[in-house]
Every structure is written in C-alpha cells, then in structure tokens.
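Right, one structure below, let's go through it.
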Amino acid sequence: MSDRKQKIDKWVRRPIRELAAYHVPDASGFIKLDAMENPYTWPAEIVESWLTQLRTVSLNRYPDPAANDLKQLLIQTMHVPAGYDVLLGNGSDELIQMILMAVSGADRAVLAPEPGFVMYKMIAGFLNMPYVGVALRDDFSLDRAAMLQAIAQHQPAVIFLAYPNNPTGNLFDDADINAIIAASDGLVVIDEAYHAFAGRTWMQRMPEYDNVVVMRTVSKMGLAGLRLGLLAGHPDWLREFDKVRLPYNINVLTQASAKFALQHQAVLDAQTQQLTRDRELLSNEMRQLKAVEVFPSQANFILFRTAPGKADAVFQTLKQHKVLIKNLSHAGGLLRDCLRVTVGTPDENAAFLGALRSAIHS
Ligand SMILES: *Cc1c(COP(=O)(O)O)cnc(C)c1O
C-alpha cells in the first residue's frame, strides 16, 4: 500500500471513505427529465434586460454579505409572516448542512420519513450524526404511530418533512404533521422545495409553533443554476444557524440574477402553472397505458411503478430513445420497480410517452 493510501485510510473517516460520491449522470444528447428542472427559458427581451442588469455587478467586490435586498424581496414574494426572517443558502442543500452543523453531535439524531430526499441522510452522515429513517405506509402517507414511536425513542434534534415529498410526490396529511410537531422537542423543518406546484404551504402556520421552520428553494421554480435556497423562520432560530454560514455564501451573480428573476416573477409563475397543468395531462396519459401504476403528484415530477422486475428494462429502453429519467428501483422497499419522470415541455412529455409505450410493448 502506498504511503498516500495509508494516510488517507488513517485520516479520512471510515463512513466517508465508504460513501459512493453523489453521482450525477452525463445527460448530453438526452431529453433531460431526471432532475426536476424547469425546461423553459426566458423570452429574449427578458434575457436582454437581465444581461443589462448584470453589467452593473461588481465582480471585483465581495457580495453584500447579508444580501439584504434579496432577502426583503424573498420575504415579500414568499409571503413570510410578519416578524419572521429568512436565511439564504447556496441551494437548500447548504441550508440542510447549516442546520445540522448548528445542532450536530454524535448523540443527536436526525429523523426523516423514507423514501425521502437523500441529502438529509447524507449530510447527517458527513457530520457523524445518527440518522433515523421511518418507513412511509404503502400509500406513501406518514406512518404516524411509527413516527411518534421513533421520536420518543431517539429524541431527534431535527426532523425533516418534505412537503410535497420527493421522490413520492404527495403532500403529507396535516393532522399527521401536527402530531409530529407536537411530539417533537427538536426542530421540524418543512421542506417546501416543490411549493410552486403544490398550492399548499406551512408558511402561514409556522408562527403557531416554536419549533417549525419552512425551507424553500428557487431551483424547482426555474432557477436551478443559481443555487439559491431560503430558510424562513423565527429570527431566534435563524440567528444561530447564521453563525455557521460561511461569509459571502451567495455570490454576486446569484444575488443580482435572483433579484431580477423575482422582479419578473410572472414569467416564472406562468411556467410553473403550465408545468402543473401538464403534470395532470401526462399523468392521465400514463394511466391510460395501463401497464404502469402512476402515483398522484403535487410536484413537477411523477413517480410510477412498472410490472415486477421491469423497471431496469424500461429505463434502458427510454435511454435508447434518448430520454433520461430517474431509476429508483434499486433503492428497494416502497420504491421497488419505481421510476421518476420530471414534467418537461409538451414535446418532451410526448417523446417520453412514445418511448414509454415502446418500452412497455417491447
Ligand atoms: C431538490 C430538492 C432540494 C434541494 O434543492 P436545492 O435548493 O437545489 O439544493 C431540497 N429538498 C427537496 C425535497 C428537493 O427535492
């Protein structure tokens, strides 16, 4: 064994060495329906005025460290309750990391329903925190009894509830969420990454509790390239999380571009509304194929289940047709035989449907 390898084995913690790096497939040449991106760009005149705006940005200067203009705009457009504030992250992934860094400890559990968003578990692992995944019921609803039992047993420092949930697409029941918040001494993070497609939110209910924060991102709204997430919460909580934030985490181009985009929110809203309508059209057409089970979605993606053991073949046939979606079947459990498709443009959806038809009949 080389010296370098020995040193790495000695110093890099075993759980990190044993991790597979988060794999993002190369999508060049594919119709990309794997990552919940908004497929639409902006009209040419909007692009022009955005570029004009960017000309005024000082790349030689550090960004506004507090990003106050952007925060105020987000507080308005996201209807953050009076007296509440927002904390910005380089994507909501960074906010998850900041929250967990602030509470971390080898005896402090992180809890989330499963299947769920993978970063909760991964970041808990990076920080050496025990992670508790509680299985959803067969219909992807919260198993209230199992959640309450796990909360009593592990006393989690943080519970993550994605609303709607990724990768299942459903909204959890309000009464179940209420029971979980009431039973929890730790912080409950309601992750509303898909808020734009869901029509429901905990934002206005947050002040009824002293242990609830609401996380949003602009990624799924159509600005995934900017990397901007926000945590809405009581200033007392946010002040603590802000202490572990690296200075200048939101760069000048993101600050300027996000401000510009929020001032043209109508463009993004029209796109997300179109995607929400097309989600229903696509779901219905998929159901008519009969060969797959299509789960209801309140997000910009659709989870579906193939006949037993067929998911890999369907996924590969789609790839041969140059359509890239997400194969979740290897996660097993409730995701056995499951694939997830992001809603694209009508043309992309039609290409996906055509490829799915041939996959099923081949
Ligand atoms: C996509 C996603 C995020 C991460 O969003 P970024 O802001 O792009 O980091 C967070 N939570 C859920 C449930 C997601 O699906």
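The values are calculated or read from the model by the stated rules, or taken from the named source; none is laboratory data. A quick note: this is a predicted structure, and the numbers were derived from the prediction, not measured. Cβ atoms come from the backbone with ideal geometry, glycine included; neighbour counts cover every protein chain shown. For the accessible areas, the whole protein counts, side chains as well, though only heavy atoms, and no ligand, DNA or RNA atoms are used. Shrake-Rupley method; radii C 1.70, N 1.55, O 1.52, S 1.80 Å.
Taking segment 142-166, which residues are under 18 Å from the mean Cα position of the chain (by Cα) and small (G, A, S)?
Of everything in segment 142-166, just one residue is under 18 Å from the mean Cα position of the chain (by Cα) and small (G, A, S), namely A162.
Provide a single number: the residues in segment 143-201 that are assigned to a loop (DSSP other than H, G, I, E, B) and either within 16 Å of the ligand (Cβ to nearest atom) or under 30 Å from I325 (Cα atoms) (or both).
So the count comes out to 18.
Just for segment 7-31: of the residues that are touching a Lys or Arg at 6+ places or on another chain (Cβ under 8 Å) and in contact (Cβ under 8 Å) with a residue 24 or more places away in the chain, which one is surrounded by the fewest Cβ atoms within 10 Å (Cβ to Cβ)?
So, considering only residues that are touching a Lys or Arg at 6+ places or on another chain (Cβ under 8 Å) and in contact (Cβ under 8 Å) with a residue 24 or more places away in the chain, the one surrounded by the fewest Cβ atoms within 10 Å (Cβ to Cβ) is G29.
What about R216, is it of a type in the set (K, R), open to solvent by less than 30 Å² (accessible area, probe 1.4 Å) and within 13 Å of the ligand (Cβ to nearest atom)?
Taking the combined requirement at face value, the residue satisfies it.
Determine if segment 254-273 includes at least one residue that is under 19 Å from L171 (Cα atoms) and open to solvent by less than 70 Å² (accessible area, probe 1.4 Å).
Yes, segment 254-273 contains at least one residue that is under 19 Å from L171 (Cα atoms) and open to solvent by less than 70 Å² (accessible area, probe 1.4 Å).
For a quick check of your reading: which helices (runs of 4 or more DSSP H) sit entirely within segment 32-118 and have at least 1 residues that are open to solvent by less than 60 Å² (accessible area, probe 1.4 Å) and more than 21 Å from M221 (Cβ to Cβ)?
92-103
Okay, residues lined up against (1) among the hydroxyl-bearing types (S, T, Y); (2) open to solvent by 10 Å² or more (accessible area, probe 1.4 Å); (3) at pLDDT 95 or above; (4) not assigned by TED's automatic domain parsing to the domain that holds D34:
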position: R305; (1), (2), (3), (4): no, yes, yes, no
position: F315; (1), (2), (3), (4): no, yes, yes, no
position: V323; (1), (2), (3), (4): no, no, yes, no
position: K326; (1), (2), (3), (4): no, yes, yes, no
position: G332; (1), (2), (3), (4): no, yes, no, no
position: D337; (1), (2), (3), (4): no, yes, yes, no
position: L356; (1), (2), (3), (4): no, no, yes, no
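Is it the case, given these coordinates, that I96 is closer than 22 Å to G225 by Cα and within 13 Å of the ligand (Cβ to nearest atom)?
Yes; evaluated as a whole, the condition is true for this residue.
Determine if segment 202-209 includes at least one residue that is on the phi < 0 side of the Ramachandran plot and within 16 Å of the ligand (Cβ to nearest atom).
Within segment 202-209, one or more residues are on the phi < 0 side of the Ramachandran plot and within 16 Å of the ligand (Cβ to nearest atom).
Suppose the filter is closer than 26 Å to G229 by Cβ and touching a Gly at 6+ places or on another chain (Cβ under 7 Å); does P15 pass it?
Yes; evaluated as a whole, the condition is true for this residue.
Just to verify a result, which residue in segment 220-237, among those that are open to solvent by less than 10 Å² (accessible area, probe 1.4 Å) and either hydrophobic (A, V, I, L, M, F, W, C) or near the ligand (Cβ under 9 Å from one of its atoms) (or both), is farthest from G83 (Cα to Cα)?
L228
Among the candidates E240, E208, single out the residue that is in contact with a helix residue (DSSP H, G or I) (Cβ under 6 Å, 6 or more places away or on another chain) and surrounded by fewer than 21 Cβ atoms within 10 Å (Cβ to Cβ).
On inspection, the qualifying residue turns out to be E240.
From the list L328, L339, L334, exactly one residue is more than 23 Å from L275 (Cβ to Cβ) and aliphatic (A, V, I, L, M). Which is it?
Result: L334 is the single residue among L328, L339, L334 that is more than 23 Å from L275 (Cβ to Cβ) and aliphatic (A, V, I, L, M).
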